[in-house]
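Report on the following structure.
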Amino acid sequence: MGGTVTYEDYAAAAADGMSIAHAAARNPDRIAVYSQYGDRTFGELTARLTQIVRVLRDAGVQYGERVALLCRNRGEFAEVAMATARGGYWLTAVNWHLTPDEVNYVVEDCGAKVLFIDATVPCAEGVAATASAPLIVSIAGKLARATQYEDLLAGVDTSDIDEPRRGSTMLYTSGT
């Protein structure tokens, strides 16, 4: 594409959670995420975001509902986080250093309809075995009671979604 991008162009795209799609349309082959677990271009990232939103919608997750994410700093973290921003969901990122009981408290308290779990984190098996979320998705490995991330997204349409809606975050801290 090329040309000058104005603040107004970017702001219009960001208002509906479409800033990554806007960047992908201009520079699809430019690296958007660097990670020891695998890089993502803007084109790859926007395709994954779209797939995740479609899967969540198909699973009945509605605008404003909660999605929890227990994951290391890897491309899938960015994919899920940005998909919630595009699909109109509230993301609760959970610290992967917590115990299964602590993670499950956050997942239940926030009312997560979906829990994405990085199977490589120390507490992953314990969390997956006891989590209250109706849909559990495992990233980077198999976990009991979980659908594998790659299986969930296989064959899902990557074209832009209809009616993108900007999501937000629900943060938990160790504050008093």
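For the range 133-176, the solvent-accessible area works out to 67 Å² per residue, with a probe of 1.4 Å and every protein chain left in place. Which of rounded, prolate, oblate describes the range 108-176, given a ≥ b ≥ c as roots of the alpha-carbon gyration tensor eigenvalues and a/c under 1.5 marking rounded, otherwise prolate only if a/b is larger than b/c? Oblate shape, in that a/c is at least 1.5 and b/c is the bigger or equal ratio.
The phi torsions of the range 75-82, fed into the Karplus equation with coefficients 6.51, -1.76 and 1.60 and a -60° offset, translate into couplings of x, 5, 4, 4, 4, 5, 4, 6 Hz, rounded to whole numbers, with Gly and Pro shown as x.
Is the shape of the range 37-128 rounded, prolate or oblate, going by the alpha carbon gyration tensor and its root eigenvalues a ≥ b ≥ c, with a/c under 1.5 for rounded and a/b larger than b/c for prolate? It comes out oblate by the Cα gyration axes.
The values are calculated or read from the model by the stated rules, or taken from the named source; none is laboratory data. Note that the coordinates shown come from a computational prediction; the quantities given were computed from them, not determined experimentally. All accessible areas refer to the heavy atoms of the entire protein, side chains included, with ligands and DNA or RNA removed. Shrake-Rupley method; radii C 1.70, N 1.55, O 1.52, S 1.80 Å.
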